[in-house]
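Just below is one structure, and these are the notes that go with it.
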Amino acid sequence: SGLKARPGWSSWKVVREEKSRRQAKNQKKKNNAKMQQRRKQWDEHKKRVWEGEEEKEKEAETKLMDDEPEYVPRCELGPPPSWDAEALQARAEAEGLIVYKSFGDVEEAWTKKARQSCFPPTEEEASSMSLAKCLRCLPHDMDTGGFFVALFKKVKPLGKRAREEAEKLAHELRSDIADAEGTEVRTPKKSDEECNGKEAQDKGGADADAEQKGKIVKNKVLLRGKGKTRGDLGNENFTVSNPDLWEPLVEFYGFGEDFPRERFMTRSAGDSKVMYFVGKPVKDLMDRGIQDRITVINSGLKGFERNAHQCEVRYRVAQEGIQFVAPFMSKRKLVIDLKTFKTCLQQGSTPLDNFAESFKKTVSEFSVGSFVVVLEGFENNYAKKMMMVMWRCRSEAVNCLVCKTEMDGMKSKLRAITGEEDSSTEETKEEAQIDS
């Protein structure tokens, strides 16, 4: 039930509007008050200049255009009174939507819009393709396309070279475990053909390896033609974060003894700009020396990022991994109501005067730095991630440290929870009406 935001149609429906968007837009633009006023002024001007049959024809044409009905919603906006299939079907038809049961019901003029692929497959097709194991998400709150979700299980490496590398890595891991347990691991025998092929490959690639070594200097890539090097942080190993960094963070954010600081890792090179929260299985592999055999390009979620502002501590909480940090915070974490949460959810700095007096008083006592706000009702449900990282500015203001993409996602969640339109969406609609 994780992706189910609210009840609705349980089967696939293909619907269309009576008119295309362009036709509806043109009709609305032609009949708005501004265009009618311009048309009236033009008719008065023509009446003063021209007389005779042409004027009478113009008046008749104008009358026909004025008689066209202005578009108004056929039913009140908002959630329907019931979410069962019959009520939703009636709601769609009352709004002027045409429902197609099959591709054969689609008019010829609309076959390029409502295509054959828009309709669900037959029972035989669904059974042959095992579609019961798949999921297709059709967003109802955003004007986007659908998303197809399928889970694939990789049972073995695809190529011969990849299989050989996987077998070699597995043997080395088994050897490490055997050394720790005091047992012996048998080395798998290779055929003569595989051995000869391996020797030829090693011999042929010796020159290439030598040339490659001449281009790489201590994990730094040589910039061609300039004779300079730059560090490649993506090739540096992950290592446990410096213990000296945690003492001020524990005091600042109120972390307890159960806080898993050993699972926050940094790159071995550089100055630890980011501390990543790594899952326990991956952390166990790193502790066993997996990074000596393979290069880990990326792992974990950003838990802390180094501050670029004046603050008592060097690191602020990162929004990417907030769900793994906020549960352990006993300081600088606020549970707020829906109205305050919406006020926080905007770009740029927000004055504290825009908030309720209780929130303003609490945040005013904070020193400069990051803090976390959690939506009321989700303080024990961190998996939903209805929380944000905020920044207490030096002035009497706060700033939301959430990227625009995640902001839009949170607004969509709020619309699904409350069933209300977002205020920014309503303002956009009003501006569009004014412009038209």
Checklist entry - Of L334, I322, N298, which is farthest on the positive side of the dipole of segment 287-389, counting Cα position, with +1 on Lys and Arg Cβ, -1 on Asp and Glu Cβ, and the Cα centre as origin? => result N298
Checklist entry - So how far apart, in nm, are the two label points at V368 and T111 if each is 7 Å from Cα heading toward Cβ? => result 6.8
Next on the checklist: Full-extension gain between N307 and R161, please, as 0.36 nm times their residue separation minus the C-alpha to C-alpha distance.
Outcome noted: 48.1 nm
Checklist outcome for this item: The set of residues whose placed amide H lies less than 5 Å from the amide H of L334, leaving out same-chain residues fewer than 5 positions away, is V372, V373, V374
Checklist entry - Once you list every other residue whose beta carbon is under 11 Å from the beta carbon of E320, what net charge do they have if Lys and Arg are +1 and Asp and Glu are -1? => result 0
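So how do 16-23, 242-249 stack up, highest first, on mean other-Cβ count within 10 Å?
Answer by packing, highest mean first, reads 242-249, 16-23.
Of all accessible surface on segment 309-371 at a 1.4 Å probe, what whole percent is carbon and sulfur?
Within segment 309-371, the accessible surface is 48 percent carbon and sulfur.
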Item to check | Greater than 22 Å apart at Cα, pairs in K133/K153; K19/K40; K339/K361; K25/K411; K273/K385 | outcome: K19/K40; K25/K411; K273/K385
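Calculate, in nm to one decimal, what K280 and W83 gain on full extension: separation in residues at 0.36 nm each, minus their alpha carbon distance.
Details: separation 197, 0.36 × 197 = 70.92 nm, distance 4.24 nm.
Result for the pair: 66.7 nm of gain on full extension.
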Checklist entry - What is the Rg over Rh value, at two decimals, for segment 285-424, using alpha-carbon atoms and the Kirkwood definition of Rh? => result 1.03
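I'd like to check one number: the per residue accessible area of segment 325-403, probe 1.4 Å, reported in Å² as a whole number.
Values: 3750 Å² over 79 residues.
Heavy-atom accessible area per residue stands at 47 Å².
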Checklist outcome for this item: Within the under-14-Å Cβ sphere about R332, not counting R332, Lys/Arg +1 and Asp/Glu -1 give a net charge of +1
Item to check | Separation of the E95 and Q346 label points, Cα + 7 Å toward Cβ, nm | outcome: 2.8
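The values are calculated or read from the model by the stated rules, or taken from the named source; none is laboratory data. None of the values given here were measured: they were computed from a predicted structure. Quick reminder, even Gly has a Cβ in these numbers, built from the backbone with ideal geometry, and neighbours come from all protein chains shown. Please note that ligands, DNA and RNA were not included when accessible areas were found on the heavy atoms of the full protein model with its side chains. Shrake-Rupley method; radii C 1.70, N 1.55, O 1.52, S 1.80 Å.
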